[in-house]
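Report on one structure; see the data block that follows.
The values are calculated or read from the model by the stated rules, or taken from the named source; none is laboratory data. None of these values were measured; they are calculated from a predicted model. Glycine also receives a Cβ, built like all others from the backbone with ideal geometry; neighbour counts cover every protein chain displayed.
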């Protein structure tokens, strides 16, 4: 996945049961006990991300989105994010944070 530096984006998260590795975890609220979101910017240290109600959205069937703000995406390079939740497999994602306009130049519509 690609993102432009300093631009807020939403990223996908899939939560599946750690018991059978396939049952979707549904109804998980942004402030649920045991839910944690972490990010690590290029060259940085991993840190927990505080979630507000509009940062976490359930799409359905165990799929969610996490909003990354302009501070989260302000460093060029590899941004790694991961989500843990009690009783579910952890979910990891990788984003290439690029200079503004790079994605448009490389991949025109």
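For the stretch 6-47, filtering for residues that are in a loop (DSSP other than H, G, I, E, B) and touching a helix residue (DSSP H, G or I) at 6+ places or on another chain (Cβ under 9 Å) leaves 3.
The number of residues in the stretch 40-98 being in contact (Cβ under 8 Å) with a residue 60 or more places away in the chain, over 22 Å from residue 6 (Cα atoms) and within 13 Å of the chain's Cα centre (by Cα) comes to 1. Looking at the stretch 48-70, is at least one residue out of contact with any strand residue (DSSP E or B) (no Cβ under 7 Å at 6 or more places or on another chain), surrounded by 11 or more Cβ atoms within 10 Å (Cβ to Cβ) and either in a helix (DSSP H, G or I) or at pLDDT 95 or above (or both)? Looking through the stretch 48-70, at least one residue is out of contact with any strand residue (DSSP E or B) (no Cβ under 7 Å at 6 or more places or on another chain), surrounded by 11 or more Cβ atoms within 10 Å (Cβ to Cβ) and either in a helix (DSSP H, G or I) or at pLDDT 95 or above (or both). The set of residues in the stretch 75-109 being on the phi > 0 side of the Ramachandran plot and either modelled with pLDDT of 95 or more or crowded, with 16+ Cβ neighbours inside 10 Å (or both) consists of 77, 87.
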